[in-house]
Amino acid sequence: GVPVAVMVSPCPHGGVPMLVTVPMVVTVSPWAGRKDKAVDPVEWSVRDVVEYFTEAGFPEQAGAFQEQEIDGKSLLLMQRADVLTGLSIRLGPALKIYEYHVKLLQRVHSS
């Protein structure tokens, strides 16, 4: 199953607090619940890649992936230098995109 968190719930009648378990929602990607996108990044189209980065909080930078026609296969092959210099995006966002998204997707895909 679903991972659960154990929380202390105050008793409504002023008695002893109870321990209750509540389901936790764990998201792996900005669109983990969507059905129309391939789960494996290698299957992503250019549009999927653009949507991924838009929904991850990089709408301005997502356009660079469109311009360079980066699909899932290309994304998984990208090196740090490709992201930092090849996409013509500002260094700050480029570092975050590489460290927190591209590297992570590559790691998840290769495992």
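FYI, it's all coordinate maths here, none of it is from the lab. These figures come from a predicted structure and were not determined experimentally.
Each residue of the stretch 48-60 in order: what ³J(HN,Hα) in whole Hz does its phi give by Karplus 6.51 cos²θ - 1.76 cosθ + 1.60, θ = phi - 60°, with x for Gly and Pro?
With coefficients 6.51, -1.76 and 1.60, one gets 4, 5, 4, 5, 4, 6, 5, 6, 7, x, 10, x, 5 Hz.
Would you kindly derive the ³J(HN,Hα) couplings of the stretch 83-99 from the backbone phi angles with the Karplus curve 6.51 cos²θ - 1.76 cosθ + 1.60 (θ = phi - 60°), listing them in order in whole Hz, with x for Gly and Pro?
So the J values, rounded to whole Hz, are 6, 6, 10, x, 9, 6, 10, 4, 4, x, x, 4, 4, 5, 4, 5, 5.
Assuming a ≥ b ≥ c are the square roots of the Cα gyration tensor eigenvalues, decide whether the stretch 52-94 counts as rounded (a/c under 1.5), prolate (otherwise, with a/b larger than b/c) or oblate.
Oblate.
Just subtract the alpha-carbon distance of V108 and T85 from 0.36 nm times their residue separation and send over the number in nm, one decimal.
Working it through step by step, the gained length comes to 5.9 nm.
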